[in-house]
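Quick note: the coordinates plus some simple rules give every number you see, no bench work behind them. Please read all numbers here as calculations on a predicted model, not as lab measurements. In this analysis, Cβ positions are derived from the backbone assuming ideal geometry, glycine residues included, and neighbour counts consider all displayed protein chains.
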Amino acid sequence: MKKIKLGISSCLLGQRVRYNGEHKLEPYLKYRLGKYINWRPVCPECEAGLPVPREAMELYGSFNAPRLLGVQTQTDYTHFIQQFITKRIAQLKEERLWGFVFKSKSPSCGLKGVSISSGCLLNYFKGEGLFAKAWRRLCPFLPLTDEKSLKDSLGRESFIIGLAVLADWQKTLTLKKSAQALALFHRKHKLILQACDLKTWQVLHKLPRWAKSMARWPFYEAYQQKLLVALKKGLAPERHQRVLSFIRNYLKRLLQPQERQRLTKTIKLYSQGKASLKDLSQLIKAYAQKYHRRWLLSQSYLKIPTQEWAQAWEIP
Ligand code: SF4
């Protein structure tokens, strides 16, 4: 399997680049997800030229345009870091990264919930770090997350499923471009895309058909843009439930009463966070096999949690 390339805050891979000369190694990211991902480490503060160790920094001022100040000296690093960030993100875009995992809470890398001091004693509000904010603005469609969100089972599930779909898309891009190849990819990931974003899926659904009659139209680019929009939304519980209800109704007429009960119970446990997507997928897959539902068996929604990406689910 060709690894998918993602950016990551360097300290999460164990690089000693933090202000105090330490790292924030996340073994799950480095060793477990490292089997699937070609990590591209970036430390905006170090790469901009700040030394290790350096003084701690914090965001200060307004929500929309906070300043990055040294905690002890009150030196303003905002302009220095901003200049670097814009240039660096342009370079990284050329490298075709498929997403980024940020270090949470950092005034540079934090994606959300970063403390911004208003200037009044003990008066803080929450915002985002300068580097993460620039990524969000300059690459609005790319999947972005932080190590904290990946500790939550739904956040991790959503991120891994998105990566697996993108890895397959990366593979599709290496094949000869055709309307059939696009339709094949689209059919395989139908349930995942519906679970992520039904409206975008409806637009995506038309593209392979249009592609047949418009051979020169850049339909792959259009498809990719919509695909990233859908995956970025991720698998929110209610959207998951909609697809699971669809599967339950699809199988309902075929299942024995006991099997039906078991499926309903497992779906309920899954929605309560008491069963994993892997367990649920295995059960649905077993019924689809028993009743020869080839279409359902072809869906990546059932395959991703149980096949080659399975190890990515387990947190060591
Ligand atoms: S959080 Fe970002 S800026 Fe801070 S040490 Fe880690 S990579 Fe560097």
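Counting Lys +1, Arg +1, Asp -1, Glu -1, what net charge surrounds Ser117 among other residues with beta carbon under 12 Å of its beta carbon?
So the environment of Ser117 carries a net charge of +1.
How far is helix 219-233 tilted, in degrees, relative to the longest principal axis of the Cα atoms in the chain, given as a value from 0 to 90 rounded to the nearest 10?
Result, in degrees: 80.
Among rounded, prolate and oblate, which fits the stretch 237-313 when a ≥ b ≥ c are the square roots of the eigenvalues of its C-alpha gyration tensor, a/c under 1.5 means rounded, and a/b larger than b/c means prolate?
In terms of gyration-tensor shape, oblate.
Would you kindly enumerate the cysteines in the chain that have no other Cys beta-carbon under 4.7 Å from their beta-carbon?
Taking the Cβ cut-off of 4.7 Å, the unpaired cysteines of the chain are Cys11, Cys109, Cys120, Cys139, Cys196.
Rounded to the nearest 5, what % of the DSSP beta bridges within the stretch 4-151 are antiparallel ones?
Once the DSSP bridges in the stretch 4-151 are tallied, antiparallel ones form about 45 percent.
Counting only C-alpha contacts under 8 Å and six or more residues apart, can you give the relative contact order of the stretch 4-151 as a whole percent?
22
Take Gln225 and Arg88, extend 7 Å from each Cα along the Cα→Cβ direction, and tell me the distance between the two endpoints in nm.
The two pseudo-label positions are separated by 2.9 nm.
Could you work out how far the C-alpha centroid of the stretch 224-248 sits from that of the stretch 176-196, in angstrom?
Taking the Cα centre of the stretch 176-196 as reference, the centre of the stretch 224-248 is 14 Å away.
Compute the distribution of all C-alpha to C-alpha distances in the stretch 153-233, in bins of 10 Å from 0, and list the percent of pairs in each, rounded to whole numbers.
Bin by bin from 0 Å, the calculated values are 18, 56, 23, 4, 0.
Taking the highest mean first, how do the peptides 291-304, 184-197 order by number of other beta carbon atoms within 10 angstrom per residue?
The most tightly packed comes first, giving 184-197, 291-304.
Could you work out how far the C-alpha centroid of the stretch 34-54 sits from that of the stretch 89-123, in angstrom?
Rounded to whole Å, the Cα centres lie 13 Å apart.
Relative to the first principal axis of the alpha-carbon coordinates of the chain, what is the inclination of helix 277-290, with its axis defined by its Cα atoms, in degrees from 0 to 90 and to the nearest 10?
Around 20 degrees separate the two axes.
Across every pair of different alpha-carbon atoms, what Kirkwood hydrodynamic radius in Å does the stretch 44-203 reach?
Across the stretch 44-203, the inverse of the average 1/r is 18.0 Å.
Rounded, prolate or oblate: which fits the stretch 164-316 when a ≥ b ≥ c are the square roots of the eigenvalues of the alpha-carbon gyration tensor, with rounded for a/c under 1.5 and prolate only if a/b beats b/c?
prolate
Which value, in nm² and rounded to one decimal, describes the direction-averaged projected area of the C-alpha convex hull of the chain?
18.3
Given contacts defined as C-alpha pairs under 8 Å and at least six residues apart, what's the relative contact order of the stretch 153-233, whole-number percent?
32
Cα to Cα, under 16 Å, and not fewer than 8 places away if on the same chain: which aspartates and glutamates meet these conditions relative to Lys148?
Excluding near neighbours in sequence, the set is Glu26, Glu128, Glu157, Glu314.
Given an 8 Å cut-off on Cα distances and at least 6 residues of separation, report the relative contact order of the chain as a percent.
Value for the chain: 14 percent.
Holding the Cα-Cα limit at 32 Å, pick out from Lys176/Lys265; Lys5/Lys206; Lys112/Lys199 the pairs that are longer than that.
Lys176/Lys265
With angles folded into 0 to 90 degrees, how steeply does helix 153-174 sit against the dominant principal axis of the chain? Use alpha carbons for both and round to 10.
That helix lies at roughly 80 degrees to the long axis.
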